[in-house]
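Take a look at the structure set out below.
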Amino acid sequence: MAATEPIDIIELGVGDAQAGLVLSTEAGWNQNEADWRFFLSQGVVFGMRDGARLVATAALLRYSAGNAWISMVLVTADFRRRGIATKLVDACLNVAAERGLTTWLDATPAGATVYGPLGFTPTLQLRRLRLTKPQGAGASRSLSAGHLDALAARDASAMGFDRSTLLSEFSARPGSRIVSDDRTVALVRDGRTARHIGPLLADRADQALALVDAIVRSETGPWLIDAVHSQEEFLSGLVASGWNIERPFQRMCFGPAAISPAQPPFAVAGPEFG
Ligand SMILES: CC(C)(COP(=O)(O)OP(=O)(O)OC[C@H]1O[C@@H](n2cnc3c(N)ncnc32)[C@H](O)[C@@H]1OP(=O)(O)O)[C@@H](O)C(=O)NCCC(=O)NCCS
């Protein structure tokens with residue numbers, strides 16, 4: 001137990017990016033400082049401090065058409081099981097209710113135990129996969145630079161709402177690239193410990209797998225991808241080519257889901273972004 005109790009929920013600012021990164025790094029997550037800056041500048045991020053030390057966070061990121069994502073729900077190890085995550089998520093839900101937003105999140109198994117009692121219900125499932133050592137280099141299909149507009153349009157049809165602001169910020173970061181190959185498009189960006197592939201949009205699993213193969217042959221990695229579980233052929237193809245399933249995520253929605261996307265993506269932008 002810590003010597004002092006964290007007192008109040010506070011709203012954090014961009015100056016808290018480093019402290020936020022300490023929390024996500026403690027949890028072993030892949031976010032970098034640019035991710036934290038995005039949440040802190042574009043979203044509402046609540047936190048709790050113990051003295052000067054930031055000990056917990058939760059973020060609400062508004063998207064379009066009345067949708068928002070809750071993420072970065074983190075409580076440092078010695079402050080867990082005191083109701084802090086519940087209070088911070090509740091604060092996010094209050095803001096969402098004031099603004100008339102439907103809230104979504106992608107929960108770790110520990111997170112799902114917090115969100116269920118708050119009223120979140122499960123929707124689709126994700127699997128996080130890691131590729132540490134790509135299989136030997138060799139000939140691969142051509143990989144072209146993709147366009148932000150095309151990525152944003154396909155992402156919007158897969159999500160059911162527009163996320164141009166997010167995708168535009170991602171693609172402008174040093175180390176990011178949008179790649180496409182025939183009827184597929186994906187975004188690749190830096191993370192703290194691994195390059196991340198997603199969102200990845202395609203018509204068919206074989207096309208999605210070919211794009212992933214071309215990407216991992218074009219750089220050294222290591223790699224992370226968050227695959228949609230119902231894309232079974234894609235998931236089993238990744239495993240067959242050396243990717244390891246690290247953990248599940250459960251997508252959950254608070255209140256009735258007002259959107260019904262035409263076809264889910266093959267891989268998402270990340271559990272923290274949806
Ligand atoms: C998940 C996490 C945010 C929970 O924070 P917390 O402040 O301990 O959560 P709360 O105290 O509000 O928990 C509320 C309830 O959720 C359940 N719960 C929370 N953590 C649990 C765990 N590890 N195992 C089982 N149940 C758990 C319990 O029912 C708990 O109530 P109780 O303590 O009265 O039994 C924290 O463990 C954490 O930061 N984990 C690592 C990062 C992570 O996975 N974040 C969630 C991302 S979706």
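With respect to the stated conditions, Leu129 is of a type in the set (A, V, I, L, M), in contact with a helix residue (DSSP H, G or I) (Cβ under 6 Å, 6 or more places away or on another chain) and within 30 Å of Leu211 (Cα to Cα). Give me the pairs, please: first residue somewhere in segment 21-43 and within 16 Å of the ligand (Cβ to nearest atom), second residue anywhere and β-branched (Val, Ile, Thr), beta-carbon distance under 7 Å, and either six or more positions apart or on two chains. Close Cβ pairs (under 7 Å, with a partner that is β-branched (Val, Ile, Thr)) amount to Leu23/Thr57; Leu23/Thr76; Glu26/Thr76; Asn30/Thr193; Phe39/Val45.
Under the condition of being within 15 Å of the chain's Cα centre (by Cα), over 14 Å from Phe273 (Cβ atoms) and of a type outside the set (D, E, K, R), the residues counted in segment 194-222 number 1. Exactly one residue out of Leu124, Leu74, Leu93 is surrounded by 13 or more Cβ atoms within 10 Å (Cβ to Cβ) and near the ligand (Cβ under 8 Å from one of its atoms): that is Leu74.
If I go through segment 84-115 residue by residue, how many of them are closer than 20 Å to Ile7 by Cβ and under 19 Å from the mean Cα position of the chain (by Cα)? Matching residues across segment 84-115 total 4. Counting only helices (runs of 4 or more DSSP H) wholly contained in segment 124-218, the ones carrying 2 or more residues that are of a type in the set (D, E, K, R) occupy 148-159, 205-218. Selection within segment 98-122: residues that are in a strand (DSSP E or B) and within 21 Å of Glu246 (Cβ to Cβ). The member of this set that is modelled with the lowest pLDDT is Pro122.
The values are calculated or read from the model by the stated rules, or taken from the named source; none is laboratory data. Please read all numbers here as calculations on a predicted model, not as lab measurements. Methodologically, a virtual Cβ is constructed for each residue, glycine included, from the backbone with ideal geometry; neighbour enumeration extends over all protein chains shown.
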